[in-house]
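Just so it is clear, none of the values below were taken in a lab; they were calculated from the coordinates. Because the structure is a prediction, the values reported are computed rather than measured. So basically every Cβ, Gly included, is an ideal-geometry build from the backbone, and we count neighbours across all protein chains shown.
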Amino acid sequence: MSNILAIAQKEIRAYFASPIAYVVIGLFSILFGVFYYTILDWFVKQGMQMAMGMGMGPQSLNVNEQMIRPLLGNAMVLLLFVLPMITMRTYAEEKRSGTMELLLTSPITDVQILVGKFLGALSLYAAMLGVMLVYVAVLFAFGTPEWKPIATAYLGLLLFGGCFVSVGMLVSSFTKNQIVAGMMTFVVFLLLWVIDWLASSATGLFGTSAGPVVEEVLNYLSITQHFDDFGKGIIDTKHLIFYVSFITFGLFLTARSVDSERWRG
């Protein structure tokens, strides 16, 4: 365990020794702030119209359902662009700097290296989520949001990001160029994001007999649809199992990729 923590601390120090951590957190904070201001402005105007009896929608506003939930949904879109910047260096930088061989021949096992790098990247991602908490905390100063749905949504975001981190590490293990790793990771993330869109058109593509089956499979594989219940404040074990299995499978493939690097020399 001490070796895993040592690797994780090394990764975190490397992130903050380079511009990556500051750019990622700064960029995410600015964009999330824009979303926050836009949705808050809409929410306040809706409340004022309702107070004047001009509202055409529901007769009461729920800050969790009508502000925080769509806000966190928008934050997920930002992850498509920001997370590749976190994962692109995990293995690509080791290859480029020539330290990959030293790492593979060190007394530390491949699994310890893998888990340590994963925890390091996940820690930086958690720091990003921490920035979001500052914005959400302001709502508690002026309103009465329910904290349990927010905590559940954050758990979902952490698992969701963990899936992307495991995939990003796999992609990073394929190349020594961080830019290539980042671009490839973004493409893979995008494919994972739109897989449920493919599910919507699967019936038309494959006909009425095979369509529903393919649609059901693609819907199950959709990484975004498994987040919906978390966003509603619901913890369903089937979604937990999906995300944990996804992360485990992504890390397993990364371990196989790194192991093949050892044999290629």
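Going 7 Å from the Cα of Val134 along its beta-carbon direction, which residues of segment 27-41 have the amide nitrogen within less than 13 Å of the resulting point?
27-34
About the Cα centre of the chain, how large is the charge dipole given +1 on each Lys and Arg Cβ and -1 on each Asp and Glu Cβ? Please answer in debye to the nearest 20. Don't jump to the answer; show the numbers that get you there.
Working: 15 positive and 16 negative charges, 120 e Å.
Dipole size: approximately 580 debye.
Within straight cross-link reach of Lys10, meaning Cα distance under 17 Å, which lysines are found once same-chain residues fewer than 8 apart are removed?
Result set, ordered by chain and number: Lys95, Lys117.
How would you order 115-127, 165-177 from highest to lowest mean count of nearby Cβ atoms within 10 Å? All intermediate terms of the calculation are to be shown ahead of the outcome.
Working: 115-127: 20.8, 165-177: 23.6.
Highest-to-lowest ranking by the protection proxy: 165-177, 115-127.
Count the net charge of all other residues whose Cβ sits under 12 Å from the Cβ of Ile108, scoring Lys and Arg as +1 and Asp and Glu as -1. Don't skip to the answer; put the middle values down first.
Numbers: positive: Lys10, Lys117; negative: Asp110.
Net charge around Ile108: +1.
Enter the per residue convex hull volume of segment 216-265, computed from alpha-carbon coordinates, in Å³ rounded to the nearest integer. Each step should come with its number before you reach the end.
Values: hull volume 4.2 nm³, N = 50.
So the per-residue Cα hull volume is 84 Å³.
Restricted to Cα positions, what overall size does segment 1-125 have along the principal axes? Three whole-Å values, descending.
Principal-axis extents of the Cα atoms in segment 1-125, largest first: 71, 26, 18 Å.
Tell me, what HN-Hα J-couplings in whole Hz come from the Karplus equation 6.51 cos²θ - 1.76 cosθ + 1.60 at θ = phi - 60° for each residue of segment 222-231, using x for Gly and Pro?
5, 6, 7, 5, 6, 7, 3, 5, 4, x
Out of (i) 1.07; (ii) 1.22; (iii) 1.14, which label holds the value of Cα Rg over 2.2 N^0.38 Å that was computed here?
(iii)
Against the longest alpha carbon principal axis of the chain, how many degrees, from 0 to 90 and to the nearest 10, is the axis of helix 110-142 turned?
20
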